Each structure stands twice: as structure tokens, then as C-alpha cells.
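The structure appears below as C-alpha cells.
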Amino acid sequence: MEFVVEEGKRVHEECSTLILPALSIGNVGQLGVDLLVSSTAAERVGYLDDPNLLPCVGNDAYGPLPCGDLALPLEVYESSSTATTLAQQRSPVAKGMMIKFAENIAEFAASSGKKDVIVLSSLDFQRLHNLDLSRGPQVYYLSNAESDGRDDRCESLGFGRLREYDSQGRCWKYLSSVFDKNSNEELTLPSEDELEDIDYYPSLPFAALFSAFKARGLKVTCLLCYCSEGDNIPDAFLLAEAASKLTGLTPDKFHGEEGGKWRIPYSWKSMYGAPPDMSMF
């Protein structure tokens, strides 16, 4: 993976927190990063070129006017006012290359001086067995602060620990052994036919990223929500707000239209097409 800094831009060393998505159902992690980039007025400082990502190109997602800037598969933004780096991933990882991609992105984070990493992702709503409607939408987390995934900071914010995490589970142990250069264990990943329900969580991209960052000695927290495919904008707000609370960001540092509020990315205006022609009703 190569980090290419845009001409005339510089990297701010004080941006020691990295926020990035892990692609999953509903693309909630990507939408959450979109919202954070737009609301913090983060500036694109470069992009990451990785052979394990499928190529893609598109229009600028944040500017109100066409300025000739193209959106690339993996871009890096910085908000010096909030000491935050945001990486936006716009294309999926090639099949079978998630381990290598996670290893590369963890190397980038470690080599660029990041100390804290926050991964935003989503989980299949059908996997949620204990639904508590009285609490409203719930944010779940997984942290490497404790061996069982617990983190006191996340608990104080009201996030729910991902109880399905088991560091001794066969797939979680496999991920740890893959990224740990000092591991002598020769574990193998079960084939698709051998996967069980308990293997669902460690099979997702966020698990590979979590294990890779953990192996590099970085503090990593995954913020997760259960959702289904469809209009996932409310879920994006949920994760973006959770990330803001975890990093200590306050709305007064955002650059919303009325000040101190979220700024909706311009690319969202056409996310679901034009509204229906009401004359037909």
C-alpha cells in the first residue's frame, strides 16, 4: 500500500486518531465517514493505493460545485481542528484479499503515527437476538482495551459490548495468529461449508481490521450497529454521533449550514433519486 500526498498538501502529525469504515451491510460505515468528513470540513490530503482494492472512480462527494476532483477507492482526509484523520473506502476488497488489505492499512496507521483507531461498521439485523425496543437504536462496540473486548469509556457512553466476541474462538484465534508475527500457531480458517453461526462475526471485514490494528499495538475500537439494506441514513447518523462522543468532538466544532450541526454531504442529495412526481397521485 502506497500513501500518495496530493500536490501542495501536507500531513498534520497532530491528527493521531484514525476513523475508517469496514464495508458491510447497508454501507453504514462509509455513510458515517461521509457525514464526519463533511461536518468537520476535513480536507483531502491524499489517497492510499492498494492492489487489493477493486478500482473505481467517481465525482467529488462533498463539493457543491463541479471542480474536477475525482473520488478514488481509498482517500485520506484530515481535520486539523479536531486532530482527526478519516479514511474513506469507496470500493470493496477483492475476494480473498481482506487479510492482506487489513495488514496494509494497519501498517499505514502505525507508520504514520496514529495512536487510536475507530472502525465504523454494521451487522445483519437478523443476527440480533435480544432486541430491546425501549432503548431505541443501540451502538455496540468491540475494543482491545481488555481481553474480553470491554472498554470503560465505551461503557460510560452507553454503548453495548459485542458479547459474541470470543478471543478463544477458532476464527478469532486464526485472525490473531495471522497478524501476530511472533505466533508459532499454524491455524487454518474453516471452509465456507464448515462455518457455523458463531463464525459470522469474525468472518466480517471489521474483525480482520480489528485484529490487524491490535497486532500493531494500536488502540482500536469498533463501533457497530445492526441494520438491514435500505435507507440507512439514520444508522449513519447513529455511528457518526457515537464516533464523535468517543473522540470528544462537540457539535460546535462542526460546520453545518446553521452552525454547530451536521452537514449533509452533497452526494446524499441524489442517493435515492429524485422525489416522485406528485401529480400522478
Can you give the angle from 0 to 90° between the axis of helix 98-111 and the longest principal axis of the chain, with both taken from C-alpha atoms, to the nearest 10? 70 degrees
Let a ≥ b ≥ c be the square roots of the eigenvalues of the Cα gyration tensor of segment 52-92; is it rounded (a/c under 1.5), or, if not, prolate (a/b larger than b/c) or oblate? oblate
Relative contact order of segment 72-116, defined on C-alpha pairs under 8 angstrom at six or more residues apart (%): 27 percent
If the label point is 7 Å along Cα→Cβ of residue 60, which residues in segment 28-43 have backbone nitrogen under 19 Å from it? 34-43
On Cα atoms only, tilt of 205-215 relative to the major axis of the chain in degrees: 70 degrees
Protein accessible area in the chain, 1.4 Å probe - carbon and sulfur %: 50 percent
What do you get for the angle between helix 233-247 and the principal long axis of the chain? Use alpha-carbon atoms, 0 to 90 degrees, nearest ten. 70 degrees
Taking springs between alpha-carbon atoms closer than 10 angstrom, which of 11, 28, 139 fluctuates most in the Gaussian network model of the chain? 11
Using +1 at the C-beta of Lys and Arg and -1 at the C-beta of Asp and Glu, which of 250, 224, 65 has the Cα lying farthest in the positive direction of the dipole of the chain? 250
Give the range of the longest stretch in the chain that excludes all GluC sites (Glu not before Pro) found in loop regions by DSSP and having at most 13 other beta-carbon atoms within 10 Å. 15-145
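The values are calculated or read from the model by the stated rules, or taken from the named source; none is laboratory data. Everything quoted here is computed from the prediction, not taken from an experiment. Counting neighbours? That spans all protein chains shown, and the Cβs are built from the backbone with ideal geometry, glycine included. When the accessible area is computed, the model is the full protein with side chains, heavy atoms only, and any ligands, DNA or RNA have been set aside. Shrake-Rupley method; radii C 1.70, N 1.55, O 1.52, S 1.80 Å.
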